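Report on one structure; see the data block that follows.
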Amino acid sequence: MKSQTIAPKRWWFIMPIVFITYSLAYLDRANFSFASAAGINEDLGITKGMSSLLGALFFLGYFFFQIPGALYAERRSVKKLIFWCLILWGGCASLTGIVSNIPMLAAIRFVLGVVEAAVMPAMLIYISNWFTKSERSRANTFLILGNPVTVLWMSVVSGYLIESFGWREMFIFEGIPAVIWAVAWWFMVQDKPAQAKWMSESEKAALQAQLQKEQEGIKAVRNYGEAFRNRNVILLCLQYFAWSIGVYGFVLWLPSILRNGSQMGMVEAGWLSAVPYLVATIAMIVVSWASDKTQNRKLFVWPLLLIGALAFLGSYLVGSSNFWLSYTLLVIAGGAMYAPYGPFFAIIPEMLPRNVAGGAMALINSMGALGSFIGSWIVGYLNGATGSPAASYIFMGAALLASVWLTLVVKPAQNKTSPPVHGAKHA
């Protein structure tokens, strides 16, 4: 396929911007886990059950505003939407550092979820405007790499910030970069290739022709109602719901699980929390490359989620007696849960036409947010109620097994054997 030769500089212009933007969104979302491990609960008088609900409240705001955000991005402008989101979430994140009571913290966590909700679907729509089918799994992966790579450096930086200053200063410092980046975003980003000054007219035309050609092979869908009732969309919503239970139960509680498992300080917990994300980063790059190469999506989703599920169950069986073996299995679980994101989000634009693909991705992502809410709340609750992470390993493992089964029953679009040039026919 010749589409790789269309304006290779797109990767250099667009991917760093996409990566940094999502990375900053992720930073201000996940640093709450470090504040939890560092004493925010004692300072504000938060009980264990309340702590898991506060961590999870973010996802409730995130859940409700996915689809409105995607509709605005699809019909109006990704550029304007993300610009305002960056300023608002940077502000909210820094405000977390000056809270003095629980209702204020709850409100800020919820609002942070609302302003960050649009980021993921808007970015997926942005990528589908700029990259062709044979590139999309890798492009999606560069976006979502913002997630494990951020947690990698955030784990270390937040550990040091808390050690040197305290959790309040960590929130304030880590919110500022998003506001600064908003200005850079405004001057660097164009919504569509046609507006890009750095591409030649022939490159714009070739890219447009290729994207148009891919749309021809997809069965028309009249509106969102029809798209949302599509069997595959419903299955992928359920699949992503179950998968997200595992991912966010893991992300939000890993520092606390590690500190409980062995007596260690925040800096050590930070370094050890970073390792699964290093593994995840490498796995995501390899998996998305292989998925684009073979043009197969499902094959690079369910086997990895199965490995994640087995690693969680293994961690449960090992128990807290053998900290390092249990930790190694958690590293494997983290890497395996992250690896399939690129291929997963390439499935939708290959099954649904452009007029509804963004909304369908937002619907799936909002179900993921609901899974994240339930995952982070229940894992926090189980850890608090039972005093050990054993029950939550079973819970996260079971959720991943459900997502494996749901991936297997998704039927890709017909005519799987046709060569990829004829349009987006197979998942």
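The values are calculated or read from the model by the stated rules, or taken from the named source; none is laboratory data. Model, not experiment: these values are computed from the prediction. Cβ placement follows ideal geometry from the backbone for every residue including glycine, while neighbour counts extend to all protein chains displayed. Side chains are part of the model used for accessible areas, which takes the heavy atoms of the whole protein and leaves out ligands, DNA and RNA. Shrake-Rupley method; radii C 1.70, N 1.55, O 1.52, S 1.80 Å.
Some points to look at:
- Per residue, the accessible area of the chain comes to 38 Å² when a 1.4 Å probe rolls over the protein heavy atoms.
- At R0 = 56 Å, FRET efficiency that the Cβ-Cβ distance of A194 and A385 yields, to 0.05: 0.50
- For segment 363-378, 3J(HN,Hα) computed residue by residue from phi via the Karplus equation (6.51, -1.76, 1.60; θ = phi - 60°) reads 4, 4, 5, 5, 5, x, 5, 5, x, 5, 4, 5, x, 5, 6, 5 Hz, glycine and proline entered as x.
- Computed with a 1.4 Å probe over protein heavy atoms only, the accessible area of W198 comes to about 50 Å².
- Each other residue within a Cβ distance under 14 Å of A30 adds +1 if Lys or Arg and -1 if Asp or Glu, for a net charge of -1.
- Full-extension gain in nm, L317 to L71, via 0.36 nm per residue minus C-alpha separation: 84.0 nm
- Averaging Cα coordinates gives a centre for segment 185-227 and one for segment 1-52; these two points are 27 Å apart.
- Put a dot 7 Å past the Cα of E268, heading toward its Cβ, do the same for K219, and the two dots end up 5.7 nm apart.
- C-alpha center-to-center spacing [segment 105-137, segment 66-89] in angstrom: 8
- At an R0 of 45 angstrom, the distance between the Cβ atoms of F165 and Q212 translates into a FRET efficiency of 0.25.
- Counting all C-alpha pairs of segment 1-68, share separated by more than 13 Å (%): 76
- Top of G270, G359, G319 by mean-square fluctuation, Gaussian network on the chain, Cα under 10 Å: G319
- Solvent-accessible surface (1.4 angstrom probe) belonging to Y62, in square angstrom, nearest 10: 10
- Expected-Rg normalisation [2.2 N^0.38 Å, Cα atoms] applied to segment 262-331: 1.36
- Segment 1-192, accessible surface, carbon-and-sulfur percent (1.4 angstrom probe): 71
- The stretch between W153 and K293 holds 47.4 nm of extra length on full extension. This uses 0.36 nm per residue minus the Cα-Cα distance.
- Here is how the number arises for the chain: DSSP H runs of 4 or more residues each give -39500 (n - 2.57), the sum is divided by the residue count, and the result at 222 nm is -26500 deg cm²/dmol.
- Calculated P(r) tail over 30 Å for the chain, as whole % of Cα pairs: 39
- Long-range Cα-Cα pairs in segment 325-374 (distance over 18 Å), rounded percent: 48
- Radius of gyration over Kirkwood radius for segment 225-412, both on Cα atoms: the Rg/Rh ratio is 1.00.
- 10 Å-binned pair-distance histogram of segment 1-192 (Cα, whole percent): 9, 36, 33, 16, 5, 1, 0
- Carbon-plus-sulfur accessible fraction, segment 225-412 (probe radius 1.4 Å, protein heavy atoms only): 73%.
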